[in-house]
Amino acid sequence: MLEIKNFSKIYPNGKVGAKDISLKVEKGDLFAFIGPNGAGKTTTIKSIVGINEISSGDILLEGVSIKDNPMLVKSMLAYIPDNPDIYNNLTGIQYINLISDIFRVSKEKRQELTNKYSTLLGIDKDLTTPISNYSHGMRQKLVIIASLVHSPKLLVLDEPFVGLDPKASFEVKELMKEFCKNDGAIFFSTHVLEVAEKLCNKVAIIKDGSIVKQGTMAEIKKDKSLEEVFLGVANE
């Protein structure tokens, strides 16, 4: 599914954002990507989705390089950033239709999936309201719905639970599980280690731009909690 091969990102000012990162995300994986602030999580995520240029190495989705064919790779994934900055002048349904048009989703399919996910996340009655009136949590829900209407193979999420109430967090977790059961894969960063520990089957820990631990959740944890493992790495 997703393969990161010896990926590095060096910014024009010489700052190293990521250094020689390699990992694989397979179909069905719920893969947590964790690390301290400034460790390189967002740098890596933005490179996966084609926002950042790659300094060296490669990133492939279904065997297709983001460097060689960025449009094809972007058509197969959906990216949800930690801060959902979307078009305030549109209504919720107009935004979903905009994304659906970009990905050429049929009217029947978009309507079916919009109804399903908006009802599940409790914003079905707010879709005709301007986004400028949405709370942060409502914007997050809207972006999640829009990311799912074109049935991507990979979801890339940066702190997906920020701003969500407990019920919405639960529903999003259930959506994530369902997505992976249906041969999708999810790669996401989070600071909520308890969620990652309970939800994910694989994890990678990044520090100072490099992967310091990765594997199955059981392999990484052993007889400790994920929080204990993380703090041990952070304090080294």
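Scanning region 115-138 for residues that are part of a helix (DSSP H, G or I) and either of a type in the set (Ser, Thr, Tyr) or at pLDDT 90 or above (or both) gives Asn115, Lys116, Tyr117, Ser118, Thr119, Asp124, Lys125, Asp126, Ile131, Ser132, Asn133.
How many residues does region 117-161 contain that are open to solvent by less than 30 Å² (accessible area, probe 1.4 Å), touching a Pro at 6+ places or on another chain (Cβ under 7 Å) and not acidic (Asp, Glu)? Before you say what the answer is, go through the steps one by one.
Taking region 117-161 first, the residues open to solvent by less than 30 Å² (accessible area, probe 1.4 Å) are 117-118, 121, 123, 127, 131, 134, 137, 140-150, 152, 154-161.
Within this subset, residues satisfying the condition of being touching a Pro at 6+ places or on another chain (Cβ under 7 Å) are 140, 143, 158.
Those still in the list that are not acidic (Asp, Glu) too: 140, 143.
Residues that pass the stated criteria total 2.
Per-residue answers, yes or no, for (1) surrounded by fewer than 16 Cβ atoms within 10 Å (Cβ to Cβ); (2) over 29 Å from Ile144 (Cα atoms); (3) touching a strand residue (DSSP E or B) at 6+ places or on another chain (Cβ under 6 Å); (4) among the acidic types (Asp, Glu):
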| site | (1), (2), (3), (4) |
| --- | --- |
| Asp183 | yes, no, no, yes |
| Ser189 | no, no, yes, no |
| Asn201 | yes, no, yes, no |
| Gly215 | yes, no, no, no |
| Lys221 | no, yes, no, no |
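The values are calculated or read from the model by the stated rules, or taken from the named source; none is laboratory data. Keep in mind that what you see is a predicted model, and the values were worked out from it rather than measured. All Cβ positions, glycine included, derive from the backbone under ideal geometry; neighbour counts span all protein chains shown. All accessible areas refer to the heavy atoms of the entire protein, side chains included, with ligands and DNA or RNA removed. Shrake-Rupley method; radii C 1.70, N 1.55, O 1.52, S 1.80 Å.
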